[in-house]
Amino acid sequence: MAAAWVRLCALVLIGVSSGAALAKDKTPSAIVVGGGLAGLTAAYELQSKGWQVTLLEAKSGMGGRSGLATSEWIGNSKAQPVLNQYLDRFKLETLPAPEFVRTPGYLIDGEYFSATDLATKQPATAEALKRYEKTLDDLARSIDDPLKPQANSTLFALDQINVSTWLDKLQLPATARQLVNQQIRTRYDEPSRLSLLYFAQQNRVYRGISDRDLRAARLPGGSPVLAQAFVKQLKTIKTSSPVTAIVQDKDGVTVKAGSVGYQADYVVMAVPLRALAKIQMTPGLDGQHLAALKGTNYGWRDQLMLKFKKPVWESRARMSGEIFSNTGLGMLWIEPALKGGANVVINLSGDNARLLQAFGDKQMVDQVLIRLHAFYPQARGSYTGYEIKRYSTDAGTGGAYLAYGPGQISKYWRLWERPVQRVAFAGEHTDALYPGTLEGALRSGQRAAGQVQDLLAGKSFEPEKVAPVAAAPAANTSKGKGGFFSNLFGGGSEQDDKADKAPVKAEPEKHEEAKHEGGKQEQPGFFSRLFGAL
Ligand SMILES: Cc1cc2nc3c(=O)[nH]c(=O)nc-3n(C[C@H](O)[C@H](O)[C@H](O)COP(=O)(O)OP(=O)(O)OC[C@H]3O[C@@H](n4cnc5c(N)ncnc54)[C@H](O)[C@@H]3O)c2cc1C
């Protein structure tokens with residue numbers, strides 16, 4: 001009897017261990033949805049760990065969102081460490097940026113000023129910009145850990161305020177305010193649509209990183225060149241395969257693209273939120289995720305590239321790099337084209353981009369050209385054509401990139417960094433430090449690949465139990481002379497003192513410029529208001 005029992009135990013043990021060996025030997029598999037840089041990174045990292053990976057991309061081409069620049073500016077390894085690691089790994093050569101493009105320039109009523117020119121020729125504007133930068137830096141410094149921007153109730157309260165309200169308090173002179181608005185809407189979104197906490201957190205992340213670090217080199221061919229380097233490494237890519245549904249069960253996932261169903265152990269969803277909202281998930285996402293899919297703000301930015309036979313600006317000034325105009329021309333990049341000639345990329349952002357929704361491509365190009373010719377008559381005979389990218393109206397992104405609106409950090413902070421059962425999420429919008437950038441997309445792909453491996457190893461990603469943050473106290477309980485909010489708004493006016501004493505209430509979003517410029521009855525003169533008078 002005892003012998004039989006021992007034999008039985010031995011058989012069971014052999015069965016168990018051979019089953020485990022079988023599970024261990026099976027090549028783990030993953031499907032990556034989305035062939036932008038985030039999805040490409042996730043697929044590449046998993047494949048290099050021995051996973052069997054299938055990448056599904058909706059469009060016929062790979063690479064996802066990429067700007068129109070033919071020779072994209074990129075940061076050095078201080079500003080964009082992960083990007084630089086991949087450039088090295090794939091041996092992609094960059095060209096060092098010439099010194100004069102590494103700091104921003106300004107186009108004020110059509111006249112170009114370098115940062116140094118501005119200090120001597122427009123001292124009031126230069127001083128106001130400095131005051132703005134100093135106040136913003138103080139605000140950024142108040143965040144200890146950019147991964148926990150809402151760490152205390154005072155900071156939490158900043159999430160309820162929009163950036164425009166904060167700027168109003170600074171009382172900048174008109175030109176400085178226009179330039180600041182332009183810079184913010186180009187990098188994020190319209191100031192009135194942005195959470196002040198998000199803006200502060202982003203400035204905390206980039207604290208100590210100068211414009212010179214951010215524009216250190218040029219990548220000939222731009223981000224599509226990096227995307228192609230990933231594509232070359234991947235074994236299984238299916239383009240023109242829009243995913244419509246994902247079903248998870250205890251054994252794996254089935255991903256539906258057209259009439260084909262793909263099966264794997266795990267999925268990485270590397271698509272923007274608006275695209276994710278269109279994919280049916282079983283079991284469904286919870287209420288918080290669904291609200292985030294619908295409500296998270298994306299900055300708007302459209303790009304218009306005007307092509308010229310020769311760099312017509314050279315005679316006037318060595319204009320290049322990032323140039324902020326105080327008129328609706330937005331932010332301009334002027335760059336030598338790869339095949340000779342010169343390109344001007346006009347970045348129309350924020351509410352300027354929203355207003356332009358109503359206009360056709362050609363109409364928009366004509367209006368921009370009229371303004372450019374007024375400033376630069378020598379450009380007239382040199383123009384050869386245009387390209388346009390309207391991310392704002394692309395149903396797949398619904399904007400250019402993530403830019404948290406008021407109240408949204410409080411609701412959705414780091415939500416997509418947590419896998420949901422067998423699904424991990426990637427994409428610029430899921431990166432807490434560098435959203436809206438190539439760096440963020442690459443980092444998110446690495447993180448999601450790591451999480452899928454952790455899931456396979458049995459790790460759980462149950463939500464952390466976080467203590468709820470209390471309502472904002474009267475702000476004079478905070479640090480420093482004069483109270484946190486008066487320091488924050490850069491002054492000690494009576495108004496600021498009142499703000500210091502009263503608990504902060506959520507500010508309703510204001511879209512003043514949109515109201516004035518975009519109202520139907522105001523159509524006549526629309527372009528002159530938008531682009532500045534001739
Ligand atoms: C105008 C503009 C200028 C920018 N400038 C800079 C810059 O100067 N520096 C910088 O660092 N970053 C810049 N960025 C940001 C950078 O381009 C993005 O952060 C990055 O490309 C996002 O990559 P991603 O993989 O997260 O998303 P995406 O590139 O959008 O990739 C998502 C992919 O998913 C696919 N997809 C969507 N739905 C489905 C579906 N149902 N099934 C299958 N596939 C699907 C899409 O077709 C797409 O290919 C800029 C962005 C824009 C729009």
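The values are calculated or read from the model by the stated rules, or taken from the named source; none is laboratory data. Everything numeric in this text was worked out from a predicted model, so none of it was measured. Because the Cβ atoms are built from the backbone with ideal geometry, glycine has one as well, and the counts that use them run over all protein chains shown.
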Worksheet item: When only residues in segment 86-102 that are modelled with pLDDT under 85 and touching a Ser or Thr at 6+ places or on another chain (Cβ under 7 Å) count, which is nearest to G221 (Cα to Cα)?
Response: V101
Worksheet item: Any residue in segment 100-116 that is free of Cβ contacts under 8 Å to residues at least 40 places away in the same chain and farther than 18 Å from L332 by Cα?
Response: yes
Item to complete: Can you work out which of the residues in segment 410-436 that are among the charged types (D, E, K, R) and outside any loop (DSSP other than H, G, I, E, B) is nearest to the ligand (Cβ to nearest atom)?
Response: E428
Worksheet entry | Filter pass, V253 being away from the ligand (no atom under 12 Å from the Cβ) and within 23 Å of G450 (Cβ to Cβ) | yes
Worksheet entry | All positions within segment 179-191 that are buried (at least 24 other Cβ atoms within 10 Å of the Cβ) and hydroxyl-bearing (S, T, Y) | Y188
Worksheet item: Taking A292, is it crowded, with 22+ Cβ neighbours inside 10 Å, more than 19 Å from N347 (Cβ to Cβ) and in contact (Cβ under 8 Å) with a residue 60 or more places away in the chain?
Response: no
Fill in: Subset of segment 437-460 (residues that are modelled with pLDDT of 95 or more, near the ligand (Cβ under 8 Å from one of its atoms) and surrounded by fewer than 24 Cβ atoms within 10 Å (Cβ to Cβ))
E439
Practice prompt. Identify all residues within segment 38-62 that are more than 7 Å from the ligand (Cβ to nearest atom), small (G, A, S), closer than 19 Å to E428 by Cβ and not in a helix (DSSP H, G or I); write none if there are none.
Written response: G61
Item to complete: Please specify each residue of segment 349-390 satisfying the condition of being within 24 Å of the chain's Cα centre (by Cα), among the hydrophobic types (A, V, I, L, M, F, W, C) and either closer than 20 Å to L179 by Cβ or modelled with pLDDT under 85 (or both).
Response: A353, L355, L356
Practice prompt. Select from segment 26-70 the residues that are of a type in the set (D, E, K, R) and touching a residue at least 40 places away in the same chain (Cβ under 8 Å) and list them in ascending order.
Written response: E45, K49, E57, K59, R65
Worksheet item: Just one of G222, G208 is surrounded by fewer than 22 Cβ atoms within 10 Å (Cβ to Cβ) and in contact with an Asp or Glu (Cβ under 6 Å, 6 or more places away or on another chain); which is it?
Response: G222
Worksheet item: Under 6 Å by Cβ, and 6 or more places apart or on different chains, what pairs join a residue from segment 440-461 that is farther than 16 Å from V53 by Cβ with one that is within 16 Å of the ligand (Cβ to nearest atom) and not in a helix (DSSP H, G or I)?
Response: G440/D431; G440/Y434; R443/D431; S444/A426; S444/G427; S444/D431
Worksheet entry | Scope segment 104-150; condition assigned to a loop (DSSP other than H, G, I, E, B) and either in the same structural domain as K411 (by TED's automatic domain parsing) or among the small types (G, A, S) (or both); matching residues | G110, S142
